[in-house]
Amino acid sequence: PATGSHRSPRRERANAMISHVPASDDFLWQVTKKHNAFTRASTSGHGARFSAEPGNVTAEVSFRASGLANAKTIDIREHDGGKGKPAATCDGKKLCGSFKSQAGEVKIAAKARPDLEKAALARISAINKAGRVKCAA
């Protein structure tokens, strides 16, 4: 047809955007380990590199800690909890209550990655410590 509104099925498939291509964790690490948008260089001049990617609780650039290259991750993020206090989320779930209950939630989330449990608890501890107010003596 001369109207131009009819497209062949082959052309539509060629123009379709692929949103997810299955790949192994090792392959994804080989592709992203040197260059990705989340890598930050240290300003101290010692050549240290850090990662700000979601799912990386240790901020180190390594396969073990990578949130991009691993299918199972623990994502702990700090956000504003109101009243000027920082709060945290673990895998999208808001952590509230005492530190003991927050640590319990992190331990449940860390069952998928037991090697990162200690680092995740340290991250929650640092966020809670930042929100504490010292008593005036």
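The table for this structure:
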| read-out | value |
| --- | --- |
| Inter-residue pairs, beta-carbon under 6 Å, first of a type in the set (S, T, N, Q) and in region 46-57, second modelled with pLDDT of 85 or more and part of a loop (DSSP other than H, G, I, E, B), 6+ apart | 51/38; 51/59; 51/61; 56/65; 56/67 |
| Tabulated pairs, region 104-119, first touching a residue at least 24 places away in the same chain (Cβ under 8 Å) and crowded, with 18+ Cβ neighbours inside 10 Å, second hydroxyl-bearing (Ser, Thr, Tyr) and part of a loop (DSSP other than H, G, I, E, B), C-beta under 8 angstrom, 6+ apart or interchain | 113/73; 116/58; 119/58 |
| Boolean, residue 118 is at pLDDT 90 or above and either in contact with a helix residue (DSSP H, G or I) (Cβ under 7 Å, 6 or more places away or on another chain) or not small (Gly, Ala, Ser) (or both) | yes |
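The values are calculated or read from the model by the stated rules, or taken from the named source; none is laboratory data. Nothing here was measured: the structure is a model prediction, and the numbers come from that model. Heads up, the Cβs are rebuilt from the backbone with ideal geometry, glycines too, and the neighbour counts pull from every protein chain shown.
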